[in-house]
1. For residue 1, all conditions in the list (1) touching a Ser or Thr at 6+ places or on another chain (Cβ under 9 Å); (2) among the hydrophobic types (A, V, I, L, M, F, W, C); (3) at pLDDT below 75; (4) part of a helix (DSSP H, G or I) hold save one; what is the number of the exception?
2. What residue, of 494, 500, 506, is surrounded by fewer than 18 Cβ atoms within 10 Å (Cβ to Cβ) and touching a residue at least 40 places away in the same chain (Cβ under 8 Å)?
3. Test each condition in (1) surrounded by fewer than 15 Cβ atoms within 10 Å (Cβ to Cβ); (2) touching a residue at least 40 places away in the same chain (Cβ under 8 Å) for residue 473 and report the one that comes out false.
4. Cβ-Cβ under 7 Å, sequence separation 6+ or interchain: first residue in segment 281-296 and more than 21 Å from residue 221 (Cα to Cα), partner of a type in the set (S, T, N, Q) and in a loop (DSSP other than H, G, I, E, B). Which pairs?
5. It is to be established whether one or more residues within segment 486-493 are touching a Lys or Arg at 6+ places or on another chain (Cβ under 6 Å), at negative phi and not charged (D, E, K, R).
6. Somewhere in segment 475-492, is a residue closer than 30 Å to residue 379 by Cα, of a type in the set (Asp, Glu) and touching a Pro at 6+ places or on another chain (Cβ under 9 Å)?
7. Do we have residue 110 as modelled with pLDDT under 95, aliphatic (A, V, I, L, M) and crowded, with 24+ Cβ neighbours inside 10 Å here?
Amino acid sequence: MAKTTTFPFRYTAFALSIAGLLTTLPLSLYLRDWYLLPVIFAALTLVGTWDVLQNKHTVSRLYPILAHFRYFFESIGPEIRQYFIESDTEERPFSREQRAIVYQRAKNVLDKRPFGSQLGMYDEGFEWINHSMRPADIKDSDFRIEIGKHCAKPYKASVFNISAMSFGSLSSNAILSLNRGAKLGSFYHDTGEGSISRYHREPGGDLVWEIGSGYFGCRHKDGTFNEDMFRKNATLDQVKMIELKLSQGAKPGHGGILPGEKVTPEIAEARGVEVGKDVVSPARHSAFSTPVEMLEFIDRLRDLSGGKPVGFKLAIGHPWEWFAIVKAMLETGRKPDFIVVDGGEGGTGAAPLEFINRIGVPMTEALLLVHNTLVGTNLREDIAIGAAGKITSAFNIARTLALGADWCNAARGYMFALGCIQSLSCHTGKCPSGVATQDPRRSNKLDVQDKSQRVYNFHKNTLDALSNLLAASGLRHPSELGPEHILRRSSKTEIHSYLELFPFLEPGALLKGKTGTRVYDTYWPEARSDSFDPPEFIRELRETKLR
């Protein structure tokens with residue numbers, strides 16, 4: 001494993017404080033005017049010692065004394081940013097306000113705000129949920145939905161879960177903390193495509209096993225799907241659902257290579273690969289090549305798992321490819337139990353800049369396309385929909401469910417709960433909070449007992465906040481949310497509900513013919529269940545351009 005070069009620097013301030021104390025203490029005995037210096041260095045030494053020994057703040061353990069400069073500037077940050085740099089609500093990628101609400105709920109401290117909203121309520125794009133003159137009384141915020149109604153082993157999932165993040169991308173202590181928090185709160189933890197590691201297994205929290213194109217945890221040596229290995233892992237009691245990953249929001253349509261030097265014995269054990277050798281994740285699956293074959297593969301996984309819910313995750317790209325999958329469902333009668341829509345907003349996965357910024361449909365439009373297509377083909381009742389894309393608050397959840405999702409997943413939100421400070425160094429191995437690194441000198445400072453409690457707190461307090469939003473709106477369960485409940489300002493003088501703003505199809509509309517919406521009327525008739533290829537008229541256009 002590559003060694004970091006910043007290790008001495010992290011303790012420089014602590015070392016200097018000790019050296020200063022040892023140097024100035026004897027001098028102060030002879031030079032009376034120097035008596036303040038050993039006092040100052042002694043105070044700094046005590047602070048540094050406390051930082052190293054405490055387990056509440058990973059950044060302080062990794063950067064004794066120096067971390068307090070960050071906390072100081074953060075404490076005066078609102079004033080500095082407000083007048084000189086940026087506002088608390090500027091979301092690039094997450095605003096200070098978004099991070100703060102996660103930190104406060106994770107720490108179980110006051111999450112209230114004084115003096116009114118900092119948001120521009122008359123700005124275009126501002127969104128809110130309308131309240132009711134008759135608020136509801138909700139006794140329990142443990143909201144759940146059933147996935148896999150027709151399976152032998154359906155799963156009752158929380159409406160807010162941990163999205164896919166692999167061991168290897170996250171540290172061992174981060175995975176332990178996430179899964180232990182999921183165990184405490186009875187919600188699920190998606191393994192990510194890096195498969196099920198010993199750190200996922202140890203706490204015993206519910207798992208959704210994600211299987212990507214590398215078939216990690218269920219592969220032959222040549223990288224193809226291994227049925228026996230799959231059955232062994234899929235039938236574990238801890239594994240509640242199987243998720244076939246077609247693409248992810250951070251880098252849809254992009255494979256990857258895990259360099260051999262990063263393939264440690266633990267990572268090799270989890271993924272079923274050889275230690276120290278490069279591991280390739282192809283850009284597409286080898287187990288199927290057409291929509292029909294994909295659905296046959298999903299049925300095969302369900303049988304091998306003993307009847308657990310099986311679905312797939314995708315970031316929407318070409319609409320005709322998604323339509324081809326749905327047409328295959330109609331023609332074969334084979335259906336996934338769930339679909340997870342990953343927004344093009346990206347996520348925890350490091351990716352080339354062009355992929356992060358310019359590839360993949362954002363979550364709102366992607367979720368609408370998936371939900372509407374299933375409604376328009378009368379398949380929606382049989383297939384549950386999850387969604388992920390910058391979800392950190394109860395309003396984010398309510399908004400997403402109103403657009404058609406049944407539940408939400410979050411990755412970066414739970415990273416904040418672990419102590420992530422958005423240093424944007426996830427891909428370097430030098431994460432200052434010990435979350436996204438394989439450097440044991442950093443990850444070992446992340447205290448599992450403390451952080452797992454914060455993961456639990458964040459989940460519980462966010463659902464409590466969702467309960468309050470629903471009650472204020474006169475609703476009793478998230479499933480009652482619809483597009484009529486969320487409003488958006490189109491201009492200073494125009495307001496529209498989601499029901500007016502977005503096209504929502506009537507049940508069976510796609511089966512009846514024209515919908516009046518261009519994307520469906522253009523691509524649905526041309527999509528084919530036996531191929532992901534573009535429609536004939538698209539190929540003709542391409543040929544015309546080539547002539």
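The values are calculated or read from the model by the stated rules, or taken from the named source; none is laboratory data. A quick note: this is a predicted structure, and the numbers were derived from the prediction, not measured. Reconstructed Cβ throughout: ideal geometry from the backbone, glycine too, with neighbour counts over all protein chains shown.
1. (4)
2. 506
3. The single condition residue 473 does not satisfy is (1).
4. 290/531; 291/529; 292/529
5. Yes, some residue in segment 486-493 is touching a Lys or Arg at 6+ places or on another chain (Cβ under 6 Å), at negative phi and not charged (D, E, K, R).
6. no
7. When the stated conditions are applied, residue 110 does not pass them.
Residues checked against (1) of a type in the set (A, V, I, L, M); (2) farther than 30 Å from residue 111 by Cβ:
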residue	(1), (2)
321	no, yes
337	no, yes
382	no, yes
386	no, no
403	yes, no
424	yes, no
433	no, no
